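Novice: Here it is, the structure in full.
The values are calculated or read from the model by the stated rules, or taken from the named source; none is laboratory data. Please read all numbers here as calculations on a predicted model, not as lab measurements. Here the Cβ positions follow ideal geometry from the backbone for every residue, glycine too, while neighbour counts run over all protein chains shown.
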Amino acid sequence: MDEDDVPALGWVPLEGRGSLPFLLVHGESLVAAASWAVGEAGVQLFDASVDFATVRASGRPLLLHDPLCPLLPADFLARAVELGAETGRTVVGYRPVTDTVKRRDGDLLGATVDRDGLRAVTSPVVIPPAVLAELDSLDAADLPELVARLASYGELEWLEAPAIGRRIGSKDDLLVLEGLSRSLA
C-alpha cells in the first residue's frame, strides 16, 4: 500500500500509563500488541518523535489506540476509521458500564444511577482532520478527559468495543483479559 493510500495516521500513546504498557500479554508487551493491531488495521503508525504540527498538516484522521486496550481487534480499529470517514465525527470506542454506580449524598451513598446512559471510554479515539486542525496540541494521557475536550468540537460517534477491547488498569485486570481472550479462542 502506498503511503498516500493509507486512510489514517495512528499513535499508541504511552504518557500517563506508567509501566503497564510494558507488561506482557500472550508473550508480547501491551504496547507491541496495540501497535501491531494499528498496522494490521491499515493505519500508518508513527511515534512521539513526530511533532503534532506534522500530524495536523497531513490532512488525515488520527487514530489513538490506548496500549491498555491491547487485545482490541484490528478490524474494530479499521471500522472506527471507516466510521469517522463516513460521518466526519470524532469516533470513540466504549464499553457499557456494568458496575452499580451510586450517587453520593454527603458521607452516605445515595440513589443508584441508571447505567444505560453511562459509557466507559476504551479505545480507539479517531479524530477527523477538521478537528485536528482546531487543536493546538494533543494530550492523550487521559482518554476520557481528551474525549470530553473533543466533544466541544462537535458531536461524537460512539462505537461499542467488543469485550476483548476492555481497558486494563492493573496486573489483575490483565489476567482477567488474558483469560477472556483464551475463552474466546
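Novice: Where residues in the range 6-29 are among the aliphatic types (A, V, I, L, M) and farther than 11 Å from Leu68 by Cβ, which of them is surrounded by the most Cβ atoms within 10 Å (Cβ to Cβ)? Write out each step before concluding.
Specialist: Of the residues in the range 6-29, the ones among the aliphatic types (A, V, I, L, M) are 6, 8-9, 12, 14, 20, 23-25.
Narrowing further to those that are farther than 11 Å from Leu68 by Cβ: 6, 8-9, 24.
Numbers: Val6: 16, Ala8: 26, Leu9: 22, Leu24: 13.
For the range 6-29, the residue satisfying everything is Ala8.
Novice: To continue, here is another question. Where in the range 97-184 are there strands (runs of 3 or more DSSP E), lying wholly inside it, with at least 2 residues that are under 26 Å from Glu28 (Cα atoms)?
Specialist: By residue number, 119-127.
Novice: Any residue in the range 7-22 that's over 22 Å from Gln44 (Cα atoms): show its pairings with residues that are of a type in the set (S, T, N, Q) at Cβ separation under 9 Å, as long as the two are six or more apart or on different chains.
Specialist: Short answer, once both residue conditions are applied: Leu20/Ser170.
Novice: Could you look through the range 30-64, keep only residues that are part of a helix (DSSP H, G or I) and not hydrophobic (A, V, I, L, M, F, W, C), and pick out the one that is surrounded by the fewest Cβ atoms within 10 Å (Cβ to Cβ)?
Specialist: Taking the range 30-64 as the starting set, the residues that turn out to be part of a helix (DSSP H, G or I) are 30-40, 52-57.
Of the ones still in play, those that are also not hydrophobic (A, V, I, L, M, F, W, C) are 35, 39-40, 54, 56.
Details: Ser35: 21, Gly39: 13, Glu40: 13, Thr54: 10, Arg56: 18.
So the residue we want is Thr54.
Novice: Counting only residues that are outside any loop (DSSP other than H, G, I, E, B), among the small types (Gly, Ala, Ser) and surrounded by fewer than 24 Cβ atoms within 10 Å (Cβ to Cβ), which one in the range 65-95 is farthest from the chain's Cα centre (by Cα)?
Specialist: Our first condition is that a residue be outside any loop (DSSP other than H, G, I, E, B); within the range 65-95, this holds for 74-87, 90-95.
Those left that are additionally among the small types (Gly, Ala, Ser): 74, 78, 80, 84-85, 93.
Filter again for surrounded by fewer than 24 Cβ atoms within 10 Å (Cβ to Cβ), leaving 74, 78, 85.
Working: Ala74: 12, Ala78: 12, Ala85: 17 Å.
So, considering only residues that are outside any loop (DSSP other than H, G, I, E, B), among the small types (Gly, Ala, Ser) and surrounded by fewer than 24 Cβ atoms within 10 Å (Cβ to Cβ), the one farthest from the chain's Cα centre (by Cα) is Ala85.
Novice: Keeping to the range 1-16, report how many residues are under 21 Å from Ala74 (Cβ atoms) and at pLDDT 90 or above.
Specialist: 7
Novice: Across the range 126-185, which residue is surrounded by the most Cβ atoms within 10 Å (Cβ to Cβ) among those that are closer than 19 Å to Pro21 by Cβ and among the small types (Gly, Ala, Ser)?
Specialist: By that ranking, first place goes to Ala161.
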